[in-house]
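The values are calculated or read from the model by the stated rules, or taken from the named source; none is laboratory data. If you're wondering where the values come from, they're calculated on a predicted model, not measured in any experiment. FYI the Cβ positions are ideal-geometry reconstructions off the backbone, even for glycines, and counts take in every protein chain you see.
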Amino acid sequence: MSAQSKADLSIYLVKESVKAPLQIIKGSDLASFPIRVGTQDIGTLFIKDAHSNPPRWARFFKGVVPEAEFGRNSSTGAVLLVSLHKRIFVLTFGQGRHLIDSEHIETNFGLRVALNCLDPNSLRSIDKASFETYPKQSREQSGRAAELQYFGVDVERDLLRGVTGIPKDKSLGERLSGMDSVKLNVGVDLSSLKGLLSKLIAAFQSDSYKKGVFSWVDHIGEVKDPTLAQTLDQELITRILKGDTANVWLSVPEIIDWNRVVGFRYSTSSYAPTYYDIRLNEFMQSLKGKELTKDRLLKRKIYGVDVDHYPVFDRPAYYFLYGEVSLGSEIYLLNNGKWYRINKQYARQVNEFFANVRRYDKTLPDYEDTAEGDYNKRVVRQNPDEFALLDKKNVYPPGAASPVEPCDLLRSRQEFIHVKRYGGSSLFSHLFNQGLVSGELFQMQQEFRELINGKLPPQHRLTNVVARPTAGSYRVVFAIISESTNPLSLPFFSKISFKQTFNRLEAIGFVVMIAKISVSDAKKKKQNLPGSKKTKVLFQTK
C-alpha cells in the first residue's frame, strides 16, 4: 500500500483491564502472523480460515437446479492487534468483527473520538436512542454537512449513540464515524498506522468536547459494559439485603389499564395474596428465604391481576426494580431493566428543579378506591359544586392524530387535574404528555375549548371559549397517588420528562403544580386472599 492509498478502517480500543491480547480473540483456529515493517513491530494479524459454500438462497432451488451452477461464497475475516501507549487497539477486516469478544471492548470509544475530532458544523448523520420503556433507535441523515441543531436532538431525553462528519484534522480523512469503533477512510499504510492510532487515543482521552455543542452528551449514558452492569446489580442486591432501600423501590415498568389492574401477585400459587400495590418488602417475603440473585429476579414474575385475580399482564421482577446507586464518583440508575450513568452536576440540576416546583396548595381526598376511575367519580360525587368529571370524556379536536382527554378532574373551572397512580418512567411520561397536549390545544384552539364545554355540566362550563386564556388564569395539576409517607418524589427520568412538560406549559401561560394523593390507611392494609376454585384454575401453569 502506498502512502497515498486510502484505506477503510474500523478501529476498536480494548479495555485497560485487559492485559493479555489473546483474551480479545474468539476461536482457536485462527492463523497468526507477526506484522513488521522494516525495523518497526506493528502488531499481530489473526486470520480466520475461509470456507466456501453455495449461497444460502440456493436451497430454494434444491433438486431443480444443480448446486454447482450457483458458484460458492467465501466469507473471510481478520483482526490486527496493535499495542501502543499501554493500550491495545483492534482493527477488523472483512468479517473480523465477529472474531473479537465485545465484552473486552471500550464502549463509546469511537463516539468520544468523533466528538473531539469532528467539525461540529459539518455533521452528516447522528444515531440516537430514547430511554423510554420501549427505546426508539433512530438515525438522522443530512443531504449536506450541517450543524447539530438541524438534527432534532433533544439534549435532555436522547442518548447519542454515534455521529458522522468531517474531521477538523485533514490527516484523519474526509469522513469519520464514531460509535463503539472509529470508522474512517484515510490515507495511511502500515508504517504510518501507529501515528494514526496515537491521534485517536489522544482524542479519546481529551475532554475538549465538553466545552462545545456536545457538552450535554455526558448527562446520561447507558451502561453497555456487562462487567460494570454485573457489579451494579450485585451492589443493588447487597443494599436490598442490608435493608438500605431508601433509593430502591418497585414500580410498574409499563403503561397499564388501572381500571382493569386492581392488584398484584408475586406468585402463581392459587393461595398467593393479592396486594393493592407492589412493595419491595412484600416481594422479598414472597421469596420465602430463597437467595436474592439477578437470575432469580429475571425468572420470578410479578403479575397485575383483575378483580377475579386473573393475570392481566406480567413482567420479570427485575424490570420493576428502580434503584439509584453511587459507585465511586459516579451515579447510576436502574430503570426498566437497564443501567444508566448520570452526570453528577446534571443530576443535581434536575433534582433541584423538581424540589422547587410548586406543590398544590389545596387538598384532595385520600385514595381508598379500586381504580383511578372510581376515585375520580367519588371526588365529583362528594363535591359536585367544585369538581366536574372529564375522565374518559375524550374529545376529537380538528387536526389531532388521536382523541384527547382534557383532564380527569376540572376544579373551579380553572384547574385541569390529571390523576395517576405511582408507577415507572413510561407511565409518568404518558401522564405528562397527556397534560401537555391538552394544555397546548386549550390555549391554541377555540374548537377544543368548545368541545370541552360540551362535555361539562352547565354549572362548570367555561364562560368565554372564544377568547384565548390569559396568562396565569389556569392551572395544570399533576396529582400522583402514592402510599409513601415521604414527600412525593419521582424516578429520575420522570423528573426529566416533567421538566420539559413544565417548561412548555408555563411558556404558554399555565401555572403548573404537582400534588400528592395519599392512600388511606385502610386501603394500605387491605389484602385479598384468594382461594376459590376459579382462581386455582386461572393460575395453573403450563
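Taking the range 211-227 as the range and being under 22 Å from R87 (Cβ atoms) and out of contact with any strand residue (DSSP E or B) (no Cβ under 6 Å at 6 or more places or on another chain) as the test, the residues that pass are D218, K224, D225, P226, T227.
Against the test of being assigned to a strand (DSSP E or B), within 30 Å of Y150 (Cα to Cα) and at pLDDT 90 or above, the options R124, R112 yield a single qualifying residue, R124.
For the range 411-454, the set of residues classified as more than 18 Å from A371 (Cβ to Cβ), aliphatic (A, V, I, L, M) and crowded, with 23+ Cβ neighbours inside 10 Å consists of I452 only. Checked against the criteria, L99 counts as at pLDDT below 90, within 24 Å of L30 (Cβ to Cβ) and in contact with a strand residue (DSSP E or B) (Cβ under 8 Å, 6 or more places away or on another chain). Of the residues that make up the range 81-95, is at least one out of contact with any helix residue (DSSP H, G or I) (no Cβ under 9 Å at 6 or more places or on another chain), part of a strand (DSSP E or B) and surrounded by 15 or more Cβ atoms within 10 Å (Cβ to Cβ)? For the range 81-95, residues out of contact with any helix residue (DSSP H, G or I) (no Cβ under 9 Å at 6 or more places or on another chain), part of a strand (DSSP E or B) and surrounded by 15 or more Cβ atoms within 10 Å (Cβ to Cβ): present. If only residues of the range 455-498 that are hydroxyl-bearing (S, T, Y) and more than 26 Å from the chain's Cα centre (by Cα) are counted, the one that is surrounded by the most Cβ atoms within 10 Å (Cβ to Cβ) is Y474. Of the strands (runs of 3 or more DSSP E) lying entirely inside the range 133-239, those carrying at least 2 residues that are without any contact (Cβ under 8 Å) to a residue 24 or more places away in the chain and within 27 Å of L333 (Cβ to Cβ) are 137-146. Is there a residue in the range 52-62 that is in contact with a helix residue (DSSP H, G or I) (Cβ under 9 Å, 6 or more places away or on another chain), part of a strand (DSSP E or B) and surrounded by 12 or more Cβ atoms within 10 Å (Cβ to Cβ)? No.
Here is a check on your reading of the model: is W249 part of a strand (DSSP E or B), touching a residue at least 60 places away in the same chain (Cβ under 8 Å) and not polar (S, T, N, Q)? The answer is yes for W249. Scanning the range 354-374 for residues that are more than 19 Å from D391 (Cβ to Cβ), in a loop (DSSP other than H, G, I, E, B) and charged (D, E, K, R) turns up R358, D361. Close Cβ contacts (under 8 Å, 6 or more residues apart or on different chains) running from residues in the range 66-77 that are assigned by TED's automatic domain parsing to the domain that holds I47 to residues that are aliphatic (A, V, I, L, M) and surrounded by 10 or more Cβ atoms within 10 Å (Cβ to Cβ) comprise E67/A58; F70/A58; S74/A50; S75/A50; T76/I47; T76/A50; G77/I47; G77/L99.
On the given criteria, is K294 under 24 Å from V223 (Cα atoms) and touching an Asp or Glu at 6+ places or on another chain (Cβ under 7 Å)? Yes. N259 fulfils the conditions (1) surrounded by fewer than 17 Cβ atoms within 10 Å (Cβ to Cβ); (2) closer than 26 Å to S426 by Cα; (3) out of contact with any Ser or Thr (no Cβ under 9 Å at 6 or more places or on another chain) except for a single criterion, (3). No other residue among K377, K288 is over 22 Å from F498 (Cα atoms), free of Cβ contacts under 8 Å to residues at least 40 places away in the same chain and in a loop (DSSP other than H, G, I, E, B) apart from K288. Could you tell me how many of the residues in the range 291-322 are part of a loop (DSSP other than H, G, I, E, B), farther than 24 Å from K242 by Cβ and among the β-branched types (V, I, T)? Within the range 291-322, residues that are part of a loop (DSSP other than H, G, I, E, B), farther than 24 Å from K242 by Cβ and among the β-branched types (V, I, T) number 1. The set of residues in the range 215-227 being farther than 20 Å from E16 by Cα and either surrounded by fewer than 16 Cβ atoms within 10 Å (Cβ to Cβ) or at pLDDT 90 or above (or both) consists of S215 alone.
Just name the residue that is nearest to P384 (Cα to Cα) out of those in the range 460-487 that are aliphatic (A, V, I, L, M) and touching a residue at least 40 places away in the same chain (Cβ under 8 Å). Within the range 460-487, the match that is nearest to P384 (Cα to Cα) is L462. Is at least one residue of the range 408-416 in contact (Cβ under 8 Å) with a residue 24 or more places away in the chain, outside any loop (DSSP other than H, G, I, E, B) and polar (S, T, N, Q)? No: the range 408-416 contains no residue that is in contact (Cβ under 8 Å) with a residue 24 or more places away in the chain, outside any loop (DSSP other than H, G, I, E, B) and polar (S, T, N, Q). Can you confirm whether A388 is outside the structural domain of G454 (by TED's automatic domain parsing) and either modelled with pLDDT of 90 or more or outside any loop (DSSP other than H, G, I, E, B) (or both)? Against the criterion (outside the structural domain of G454 (by TED's automatic domain parsing) and either modelled with pLDDT of 90 or more or outside any loop (DSSP other than H, G, I, E, B) (or both)), A388 does not qualify. Cβ separations smaller than 6 Å between residues 6+ apart or across chains give the following pairs from the range 101-129 residues that are aliphatic (A, V, I, L, M) to residues that are modelled with pLDDT under 90 and in a helix (DSSP H, G or I): I126/F151.
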